[in-house]
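Since the structure comes first, as structure tokens, the remarks are kept for the end.
The values are calculated or read from the model by the stated rules, or taken from the named source; none is laboratory data. Please read all numbers here as calculations on a predicted model, not as lab measurements. Cβ placement follows ideal geometry from the backbone for every residue including glycine, while neighbour counts extend to all protein chains displayed.
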Ligand code: ARG
């Protein structure tokens with residue numbers, strides 16, 4: 001009687017909770033069938049001997065992570081396979097158990113991949129869902145898999161395995177974007193545009209050189225992810241709940257099987273710290289910051305005021321009211337999504353900052369920011385590589401803009417210095433020449449030799465070589481300079497290194 005009564009209450013609770021929670025949690029709450037209630041029991045049994053009542057429905061929804069951590073399933077299975085093999089090799093479980101576990105996990109893996117796996121929020125997380133399914137399939141052997149292990153070292157391992165694979169994808173996507181930049185930079189190694197400081201025309205540069213600045217930023221971004229990957233690639237398994245385990249485990253063997261470079265050296269640290277997620281998020285925030293700067297430029301350059309570039313229509317949208325508009329939505333969204341990724345970094349830092357050793361449930365909150373960070377940067381990198389291929393350049397507008405604003409004034413000063421005038425004096429002479437030219441409505445290169453010589457008798461006919469845009473950029477031919485020959489060299493070297 002009591003049982004029936006309880007069931008009824010649970011059904012009623014479920015019903016109410018479906019209605020209340022659906023918009024917030026998006027949890028697939030099912031009407032409990034007999035099968036489900038048996039799941040309930042077994043799930044509860046993981047710790048229920050100590051409990052006198054089942055967990056409250058709302059608490060179950062609140063604490064469950066399966067709706068998002070099921071994404072770790074492949075890695076959870078990989079980790080379990082390696083753990084089982086080690087347990088077998090060490091004689092902790094039998095060879096038959098290992099075989100049964102392997103078969104069971106292979107079937108489960110197929111079920112997950114074909115979408116046939118029945119994820120249950122009653123079983124809290126990805127680990128308990130898979131373990132329960134395994135036990136349903138193979139019985140006691142499934143129950144022995146968790147020997148010498150805890151969900152604490154299990155989840156720490158899964159997240160590292162997932163992040164390692166994800167970072168490899170990120171590194172590849174960065175490389176693809178870098179290649180896209182190299183192609184555009186190569187096509188415009190000689191295209192002249194104004195270089196800006198304070199968003200005011202400063203000195204002429206080549207467009208290829210300007211683009212290569214972003215190549216360099218991405219190179220450092222890739223380096224940061226590679227560093228994180230290397231530091232993170234240590235195996236937590238074996239730490240168990242926090243203090244290690246009394247079984248004669250072989251952690252090095254598990255590390256080798258899972259291609260870790262070594263094992264975490266402290267069990268408390270292994271299960272509790274998530275600094276690698278923070279490093280990844282920090283790397284992602286910097287990457288997005290770089291792409292956001294780039295985006296800001298694409299937005300400015302494509303605006304009719306600048307008219308430097310055109311972004312292919314497939315990356316833009318129109319306005320529902322102003323027929324003339326073509327909006328650079330993609331770069332704007334990249335700029336906007338940078339805020340979201342920065343937010344995830346802060347979320348992860350805040351999540352970690354007050355946690356005493358060792359594992360705390362807080363850590364379950366690392367997954368959603370982590371997953372969203374990875375998804376956001378991957379799609380951004382891919383779309384960016386594509387978008388750059390759809391950029392066309394209006395060289396005439398770029399050149400015209402470089403002619404405005406006396407961008408070769410520094411070249412005139414340098415010319416005088418090379419003829420023996422102290423730099424500060426040269427600076428003053430040029431300031432006066434610029435003032436004169438501005439009043440006459442001319443560029444420096446448009447002043448006659450006689451006009452120029454009014455400011456210094458050191459000026460000769462050869463001044464026109466340095467006052468032209470081409471002369472100015474060509475003279476900056478040291479490593480890292482904007483001269484076309486240097487830009488081409490930088491592109492060549494970059495291609496060699498990427499290959
Ligand atoms: N779902 C948990 C997480 O993501 C797994 C570890 C749970 N461990 C525990 N002692 N409750 O962190």
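A compact table of results
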quantity: Candidates 115, 142 - the one that is more than 16 Å from the ligand (Cβ to nearest atom) and assigned to a loop (DSSP other than H, G, I, E, B); calculated: 115
quantity: Filter result for residue 318 (free of Cβ contacts under 8 Å to residues at least 60 places away in the same chain and either touching a helix residue (DSSP H, G or I) at 6+ places or on another chain (Cβ under 9 Å) or within 16 Å of the ligand (Cβ to nearest atom) (or both)); calculated: no
quantity: Selection status of residue 154, more than 25 Å from residue 63 (Cβ to Cβ), crowded, with 21+ Cβ neighbours inside 10 Å and modelled with pLDDT of 95 or more; calculated: no
quantity: Selection status of residue 270, over 20 Å from the mean Cα position of the chain (by Cα), surrounded by 17 or more Cβ atoms within 10 Å (Cβ to Cβ) and over 30 Å from residue 76 (Cα atoms); calculated: no
quantity: Conditions (1) within 16 Å of the ligand (Cβ to nearest atom); (2) touching a residue at least 12 places away in the same chain (Cβ under 8 Å); (3) surrounded by fewer than 18 Cβ atoms within 10 Å (Cβ to Cβ); number of the one not met by residue 363; calculated: (3)
quantity: Residue within the range 239-246 that is buried (at least 19 other Cβ atoms within 10 Å of the Cβ), within 17 Å of the chain's Cα centre (by Cα) and more than 14 Å from residue 84 (Cα to Cα) present; calculated: no
quantity: Qualifying residue in the range 233-242 (condition: part of a helix (DSSP H, G or I) and either in contact with a helix residue (DSSP H, G or I) (Cβ under 8 Å, 6 or more places away or on another chain) or within 28 Å of residue 369 (Cβ to Cβ) (or both)); calculated: no
quantity: Test result for residue 409, closer than 20 Å to residue 201 by Cβ, over 39 Å from the mean Cα position of the chain (by Cα) and free of Cβ contacts under 8 Å to residues at least 24 places away in the same chain; calculated: no
quantity: Within the range 122-139, tally of residues that are within 16 Å of the ligand (Cβ to nearest atom) and more than 15 Å from residue 73 (Cβ to Cβ); calculated: 1
quantity: Failed item, numbered, when residue 106 is tested on (1) surrounded by 23 or more Cβ atoms within 10 Å (Cβ to Cβ); (2) closer than 27 Å to residue 234 by Cα; (3) more than 16 Å from the ligand (Cβ to nearest atom); calculated: (1)
quantity: Contacts under 6 angstrom Cβ, first residue in the range 147-160 being within 16 Å of residue 128 (Cβ to Cβ), partner within 9 Å of the ligand (Cβ to nearest atom) and part of a loop (DSSP other than H, G, I, E, B), 6 or more apart; calculated: 150/241; 152/241; 152/359
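To keep it simple, each residue is scored yes or no on (1) assigned to a helix (DSSP H, G or I); (2) farther than 18 Å from residue 196 by Cβ; (3) free of Cβ contacts under 8 Å to residues at least 40 places away in the same chain.
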{"position": "372", "(1), (2), (3)": "yes, yes, yes"}
{"position": "375", "(1), (2), (3)": "yes, yes, yes"}
{"position": "385", "(1), (2), (3)": "yes, yes, no"}
{"position": "392", "(1), (2), (3)": "no, yes, no"}
{"position": "397", "(1), (2), (3)": "yes, no, no"}
{"position": "400", "(1), (2), (3)": "yes, no, yes"}
{"position": "420", "(1), (2), (3)": "no, yes, yes"}
{"position": "428", "(1), (2), (3)": "yes, yes, yes"}
